[in-house]
Every structure is written in structure tokens, then in C-alpha cells.
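Visitor: What follows is a structure written as C-alpha cells; I'll ask about it next.
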Amino acid sequence: MKIHKIITPNFYKKFKCAGSECLNDCCHGWNIYIDKKTHEKYINSPDEEIKTIAKSSLKLAKGGKNKYSIIHFDENGKCPFFTADKLCKIHQKMGGDSLSNTCAGYPRRTDSWGDQLRHNMTMSCSEVVRLVLFEQESMLQHEETNLIATAAKTTLASRHILGQKNQLIHLFAWNLIAAQSSSIEANLLALAQFILYLQRINFDLSGRLSEAEAFYEELIVALNRGQLVANSNTNEQSALLKLRAVMAIFKDNINTTVRNYSLRDNYILIADYLSGAETADIAAMQAKFTEINQQWQQLCTVSCLKEPYVMRNYLHYQLYSSWFPGKDLALIMRKFYRIVMDYFFLKFSLAVKSLQQEIKQDDVVELFADYYQYINHSSSMADKLDKAIDEINGGDDLSCLLLLG
């Protein structure tokens, strides 16, 4: 027998499709596959409208039973089952049980690793973003434990994959992000220091756990006392890295999808704000990024981002979704780099936008959803961003700390 844990966060339990109130519906802009069973149900539906649309708009995809056909969008780039009042004809006429596996499942996902199964949702859904960021207890987790029969060999292999060390590091990281501090950047700095400590002791938590706990407690105290602070004045090295990071995220990719309206609007604002920055004098570029840091601090004081839990929830979501520290501890700093890079880009984008207008909750939700659609719904984006980091980091993943100041 083997213990199997099922983890479910609050936001997963509370999720309900926003329907006609959705800020960016999931019925356009990407491939919607239909499984064979559902395909046959639509083609042979007793409802004439459903049958007619299905026969004209479901194109065979030859992707097996789960990807039997694909929906051909109408002239407006929308699913033909999408109604004028932003609802689904299938759901209205045939009920939720008649939705395809794709439509019924999105934005839910289930990830398994070792002895854990984690329920999760993708942030490409705007309602998921709203729940994660703006519900104070969204990242509280519920754990269910089951006993399942399994071969001894499989059990040992699974335990090796998700060992106690990985889970302990995850817990340390979670609590460092949760700690009260002067700013969320301070929490990220504390996590970076703890990662460096783990690397120095070669991740030997079994032999040096007491020492690790003592160092962790020192970091918590420093956070609580406001002794860890990111430098808000941008030096030359930091300014150049930030510029390269922005360019790397947008480079050659921003027009590859029709969904990311908010992201593309932000790209225009950013391009205008940084106009000439590549050839301008360094002092002018440093001044721009220093202004952005000040603007961000203002946002975190007076806007919808003012509650400390908003960005903590976001970073906890990142830790949860990435299974931080990951399977290979040798890559822990690279995984941290991606978390910091995502945070920096979203922070920078919102700060630039706030120079033009008041930032409201819907602005935050739309940007986050567009960004995660952009980076998560392309099979090549993860590799592109990884290569981009290699190009901009100067061979040192610790350089990501320059993105925090």
C-alpha cells in the first residue's frame, strides 16, 4: 500500500465560470478539440441548430479519440456555438454534461508527481486570476490522503522522485514568501539567500537541518523587521538586464496569437516609454527604471494591489504550479529566475500602464490572463524564454536579483 495525497487549493474549490461576465472568454483564439464521443453527439443532435453548426464547423483532426475533430471558428474568430450574449449554445440547449472534454475541463488541470496529485487551474483564465490574486485565502490548501495498492518497486521509484528534501525546501520557500515584510521584493530576496545557502551546503538537509532552520529563522526575523530591502535605484547593470528581459519576452512572439489584446496594448505603451533606450545614454535609461520602481511602490500603496496578500498569493501560485524547487535541485536557481522574470515583467507592465491611467482590478486581471496565455499556451515559449535567459544573464542565474531593484 502507498499513501497518495490529493491537494486542492481554495481557488480551485471556489471557481465558477464567469459566463457572460468573463473579461476574455475562452471561445476564441486557440484550437478547441472535440473528442469522438462528443463529436458524434453534436453531429446527431436532435436540436437542428446544434446539428447544423456541428456538420459545418467540426473538422476532422485525425488526432485520435481525444482530438477527433477541431472547431472551425466563424468570420469573427469565435466558436460558432458562442452566443451574442457571450454564452454557450451547447450548454444552453444540451446542458453542461454535453460539453466536450476540452470545454468542460478548461481551465482545470491535474498534475501528478510522486505521492502527490495537485488540482490546479491555469492563469490564462481571467476568473482564475481574479480568484488567486484578490481572494485573501485563495492559496490555502486542502489535503486528502488515500491508500492505494502499488508494486513495491513503483513505490520506491515514486518516493525517489518526490523526496522529503524537495517537499521541505518547498515548505521553506512557501513560508519565506508568506512572511510579513516591507515589500514582496524583500521576500524574493530572502528566498534567493536561502537558495544560495542550500547550494553552499549541497542541499544536505538531512545532516544540517538544525542549521538550515536557524538560517531560515534569521531570514524571517530580517523580513519582519524590514531589514531586507531591494534597492529601488537602478544601476547600469540592472538597467541593461531589465531592458534585455523586456525585449526577450516580446521578441518575435507578440503577434503569434490573437488572444492577447491587453498584452499587445501594453507592448505599445512599453515600446513608447522605452523609445530610444537602447541607444540613449545609460543615465536616462536608469532614470526610467527608477521611475518605474517608484510608480510600482505607489501602486502597491493606493491601488487594487495595496493588500499585501495580492502579490503573495501570486507568488504562492507560482511555487505551487511549478512544484518549486522542481525535480532537479541543480536547476533550482533557474526555476527561481523564471519566477522573478515573470514577476518583473508584470510589475513593469502595470507600472508603465499606470503612468497613463488608473489601474483597476480588471486591468490587472486582463494583463495577467493575457500574459499566461502567451507563455503557457505555446509549446515553444518555455524553450524560447529559457534560451532568452541564457542570452541575458551573463552565465549567472543569480543576476535575476537585478530585476528586483
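Read-outs throughout are calculated quantities, based only on the coordinates presented, and are distinct from any laboratory measurement. Since the structure is predicted, the reported quantities are computational estimates derived from the model, not experimental observations. A quick note on method: Cβ atoms are made from the backbone with ideal geometry, for glycine too, and the neighbour counts reach across all protein chains shown.
Visitor: Project the alpha carbons of the range 314-373 onto their principal axes and report the range along each, largest first, in whole Å.
Guide: That works out to 43, 17, 16 Å along the principal axes.
Visitor: Given the C-alpha centroids of the range 185-248 and the range 2-21, what is the distance between them in whole angstrom?
Guide: Centre-to-centre distance over Cα atoms comes out at 31 Å.
Visitor: Still on this structure, I have one more. Output the Kirkwood hydrodynamic radius of the range 350-405, Cα pairs only, in Å rounded to one decimal. Write down the numbers at each step before the final one.
Guide: On the way: mean 1/r = 0.0735 Å⁻¹.
Every distinct Cα pair counted, the radius reaches 13.6 Å.
Visitor: Label point 7 Å out from ASP74 along Cα-to-Cβ: which residues of the range 31-58 have amide N under 12 Å?
Guide: Only 53 pass the distance filter.
Visitor: What percentages make up the Cα-Cα pair-distance distribution of the range 164-224 when the bins are 10 Å wide from 0?
Guide: Spelled out per bin, shortest first, that is 24, 58, 18, 1.
Visitor: Could you quote the convex hull projected area for the range 27-105, Cα atoms only and averaged over all directions, in nm²?
Guide: Values: hull surface 19.3 nm².
For the range 27-105, the mean projected area of the Cα convex hull comes to 4.8 nm².
Visitor: Inverting the mean 1/r over all pairs of different Cα atoms, compute the Kirkwood radius of the chain and quote it in Å.
Guide: It works out to 23.3 Å.
Visitor: Exposed loop trypsin sites (Lys or Arg not before Pro) only (DSSP loop, at most 11 other Cβ atoms within 10 Å): please give the longest stretch of the chain free of them, not including the sites. Display every interim value, and only then the final one.
Guide: Numbers: sites that count: LYS16, LYS62, LYS65, ARG225, LYS306, LYS360.
Counting at most 11 other Cβ atoms within 10 Å as exposed, the longest clean stretch of the chain is 66-224.
Visitor: May I ask you to compute the full-extension gain from ALA287 to ASP328, defined as 0.36 nm times their residue separation minus their alpha-carbon distance, rounded to one decimal in nm?
Guide: 10.9 nm
Visitor: Once every DSSP H run of n ≥ 4 in the chain is given -39500 (n - 2.57) and the sum is divided by its residues, what mean residue ellipticity at 222 nm do you get, rounded to the nearest 500 deg cm²/dmol? Could you put the intermediate results ahead of the total?
Guide: Values: 17 runs with 218 residues, N = 405.
After summing the helix terms and dividing by residue count, I get -17000 deg cm²/dmol.
Visitor: Now for a separate question. Charges at C-beta only: +1 for Lys and Arg, -1 for Asp and Glu. How large is the resulting dipole of the chain about its Cα centre, in Debye rounded to 20?
Guide: 1420 debye
Visitor: So which lysines pass the test for LYS59, namely a Cα distance under 27 Å, with those fewer than 8 places away in the same chain ruled out?
Guide: Correct list for LYS59: LYS36, LYS37, LYS41, LYS51, LYS67, LYS78, LYS86, LYS89, LYS93.
Visitor: Another question, if that's okay. What longest range of the chain stays clear of loop-exposed GluC sites (Glu not before Pro) (DSSP non-H/G/I/E/B, at most 11 other C-beta within 10 angstrom)?
Guide: Looking at the chain, 138-277 is the longest stretch - no exposed GluC sites (Glu not before Pro) with at most 11 other Cβ atoms within 10 Å.
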